[in-house]
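The values are calculated or read from the model by the stated rules, or taken from the named source; none is laboratory data. Just so you know, these numbers come straight off a predicted model, no measurement behind them. When we count neighbours, we look across all protein chains shown, and the Cβ atoms used for this are built from the backbone with ideal geometry, even at glycine.
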Amino acid sequence: MSSTDRNIWISTFGLYNEGLLIGKWFDLDADDVPTHAEDFIAAMSPKLDKIRPDVIGEEVWCFDAEGFPVNEEMSPEAAVKFHEAIGFQVERSCHSEEAIYAKLRLNGGYLPEMTNEMDDPYFMDGYEGYWDSFRDYADQLADEMLDCHQFATDDMLRNYFDYEMFARDLEHDYSIEEDDGGVHVFSG
């Protein structure tokens, strides 16, 4: 379902507060992610057999994550919900995970709130695509508009169209998220 592996490292607050870095990486595609201390203890057996239950604690937490657009701690439930929401958006919108991550970075904020936004079927509306630069997007849009008005490529009026000014003015109406060597463009 996913082109990006998303993994989370889970432990408990009790172990963390005692300075015991005992935990386990879980693959969100393959593993049953423990959301309760009992499930975590069972997944970690026999490593936790000699540690007192009051030291282990009762609250399970995701202290590290790989393959997420933001780097923050979260509950295992939030990580699983986010993972499922990404899959839903990839399937529903037919956009790449990179495009969805760009939208999430634009929206900023706390991951669980972004997960709730991703339940919206219109989450990726306004995505105009991935371009080498915003200027490339603006030039393409200008050419399409001029073609609609039937200005031929060699038309004298077309030669007076200021592509640079058009791109500069258009940029105020769009959101742009830079990515490796290009930009994701969102309208609205």
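Please work out if residue 60 is free of Cβ contacts under 8 Å to residues at least 60 places away in the same chain and within 30 Å of residue 102 (Cβ to Cβ).
no
Can you name the residue in segment 170-188 that is in contact with a Gly (Cβ under 9 Å, 6 or more places away or on another chain) and in contact (Cβ under 8 Å) with a residue 24 or more places away in the chain and, of all such residues, is farthest from residue 135 (Cα to Cα)?
In this case the residue turns out to be 188.
Take the residues of segment 147-188 that are of a type in the set (Asp, Glu), at pLDDT 90 or above and loosely packed, with under 15 Cβ neighbours inside 10 Å: which is nearest to residue 96 (Cα to Cα)?
Only one residue tops the list, namely 178.
So which of 48, 21, 15 is in the same structural domain as residue 82 (by TED's automatic domain parsing), part of a loop (DSSP other than H, G, I, E, B) and crowded, with 18+ Cβ neighbours inside 10 Å?
48
Would you mind stating whether residue 99 is part of a helix (DSSP H, G or I), more than 16 Å from residue 24 (Cα to Cα) and either at pLDDT below 85 or not assigned by TED's automatic domain parsing to the domain that holds residue 178 (or both)?
Yes, satisfied.
Give 70, 90, 33 a once-over and let me know the one that is of a type in the set (A, V, I, L, M, F, W, C) and at pLDDT 85 or above.
Answer to the check: 33.
Say we look at segment 63-73 and pick out the residues that are in a loop (DSSP other than H, G, I, E, B) and more than 14 Å from residue 5 (Cα to Cα); which of these is farthest from the chain's Cα centre (by Cα)?
Only one residue fits best here, namely 73.
Does residue 88 meet the test of being within 15 Å of the chain's Cα centre (by Cα) and crowded, with 20+ Cβ neighbours inside 10 Å?
For residue 88, the condition - within 15 Å of the chain's Cα centre (by Cα) and crowded, with 20+ Cβ neighbours inside 10 Å - is not met.
Yes or no: segment 74-86 includes at least one residue that is part of a loop (DSSP other than H, G, I, E, B), in contact (Cβ under 8 Å) with a residue 60 or more places away in the chain and in contact with a helix residue (DSSP H, G or I) (Cβ under 9 Å, 6 or more places away or on another chain).
Taking every residue of segment 74-86 in turn, none turns out to be part of a loop (DSSP other than H, G, I, E, B), in contact (Cβ under 8 Å) with a residue 60 or more places away in the chain and in contact with a helix residue (DSSP H, G or I) (Cβ under 9 Å, 6 or more places away or on another chain).
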